[in-house]
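A.B. asks: Attaching a single structure in structure tokens format; questions to follow.
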Amino acid sequence: VQRHVTWAYSASPDTVRVDGAAVPTLPGHTAGSDIDLAYRFMELGNRESTVDTYGGSLLLGSTLQLGNGWSLDTTATHNRIYTEDKGTNGYAIESAVVDDINNGTYRPFDTTDHGSLDNARYVPKEVTTSYINQAEAKVSGDIAELPSGSVGMAAGVQVLYQTYKDFYDDQSVAGNVLGNAGSSGGGDRTSEAVYTEFGLPAFRNLEFQLAGRYDHYSDFGDTFNPKIAAIYHATKSLLFRASFGTGFKAPLLQDMHA
């Protein structure tokens, strides 16, 4: 899978401290003293960036018949995503902008000609990679016969390994880019899960389902989530479902390590 996205924002606003010698006399400003200049750097143009994402997955699976209506299903998956976010226009090195103001190459207070910031332009970049490896095995079959039908059961185990890395260019990490900032980070996690489910036919047209799942995350903790459901066939063309259960969502690695 490949995705290409282009973003456009207004020109970069920022506050920079410049040498008082490069600043004309302004109301409330002591001549010759440094000044904090809050300014939108229109001469850099709109901030534009492109985001290219490449993703792929591989799935392998098999089903083995064990006899007496039982089967064993196994799957292994690998998913990988690579994203490159590049600022193609409108960004500049802050220290270079300050130098241009101090030496007169760029003159934000000039009402006729502000000069140029071309030598300060910069292309910030962020690269993000993540991948997930997962393996699962599940057995299913009937464990008993009731007058209303067969009692079905399924049980399985699942293991997962996930990693995430986020890398910004050095100038963005240092906070030296107008209109852009970031910090590099990364982390990984493992998780294991076991689960089971039972299908209980109470009557010919009524079935109950009982299920439960236990998960352990290396960086999140443990959680157990049960579920109960009912399926009622009122007629051949009318079906009612009802269920109650709990769930969870572990924090994203991006939220924890970006």
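A.B. asks: For the stretch 212-258, what D do you get in µm² per second when you plug the Kirkwood radius from alpha-carbon pairs into Stokes-Einstein at 37 °C and 0.692 mPa s?
C.D. replies: Details: Rh = 13.7 Å.
Answer from the Stokes-Einstein relation: 240 µm²/s.
A.B. asks: Å³ per residue of the Cα convex hull, for the chain?
C.D. replies: Details: hull volume 54.2 nm³, N = 258.
Looking at the chain, the number lands at 210 Å³ per residue.
A.B. asks: Let me know the whole percent of all Cα-Cα pairs from the stretch 153-258 that are separated by more than 22 Å.
C.D. replies: Details: 3135 of 5565 pairs.
Percentage above 22 Å: 56.
A.B. asks: Once you wrap a convex hull around the alpha carbon atoms of the stretch 56-165, what is its projected area averaged over all directions, in nm²? Please report the intermediate quantities before stating the final value.
C.D. replies: On the way: hull surface 53.4 nm².
Quarter of the Cα hull surface area: 13.4 nm².
A.B. asks: Which three extents, in whole angstrom, do the alpha-carbon atoms of the stretch 1-119 cover along their principal axes, largest first?
C.D. replies: So the extents along the principal axes, rounded to whole Å, are 93, 23, 19.
A.B. asks: Oh, and also: Looking at the stretch 221-258, which trypsin sites (Lys or Arg not before Pro) are in a loop (DSSP not H, G, I, E or B) and have at most 16 other Cβ atoms within 10 Å?
C.D. replies: K236, K249
A.B. asks: Find how many whole Å separate the alpha carbon centroid of the stretch 203-250 from the alpha carbon centroid of the stretch 28-67.
C.D. replies: Rounded to whole Å, the Cα centres lie 40 Å apart.
A.B. asks: Taking K165 as the anchor, which aspartates and glutamates have their alpha carbon closer than 19 Å to its alpha carbon, excluding any fewer than eight residues away along the same chain?
C.D. replies: Candidates past the 8-residue exclusion: D52, E84, D85, E126, D188, D219, D255.
A.B. asks: Continuing with this model, one more query. If packing is taken as the mean number of other Cβ atoms within 10 Å per residue, what is the order of 12-22, 214-224, highest first?
C.D. replies: Working: 12-22: 15.3, 214-224: 13.6.
Averaged packing, sorted descending, gives the order 12-22, 214-224.
A.B. asks: Moving on to the next point. What lysines sit close enough to K227 to cross-link, taking a C-alpha to C-alpha distance under 23 Å and skipping anything fewer than 8 places away on the same chain?
C.D. replies: Here the lysines satisfying the reach criterion relative to K227 are K138, K249.
Just so you know, all these numbers are worked out from the coordinates, no wet-lab data involved. Because the structure is a prediction, the values reported are computed rather than measured. Heads up, the Cβs are rebuilt from the backbone with ideal geometry, glycines too, and the neighbour counts pull from every protein chain shown.
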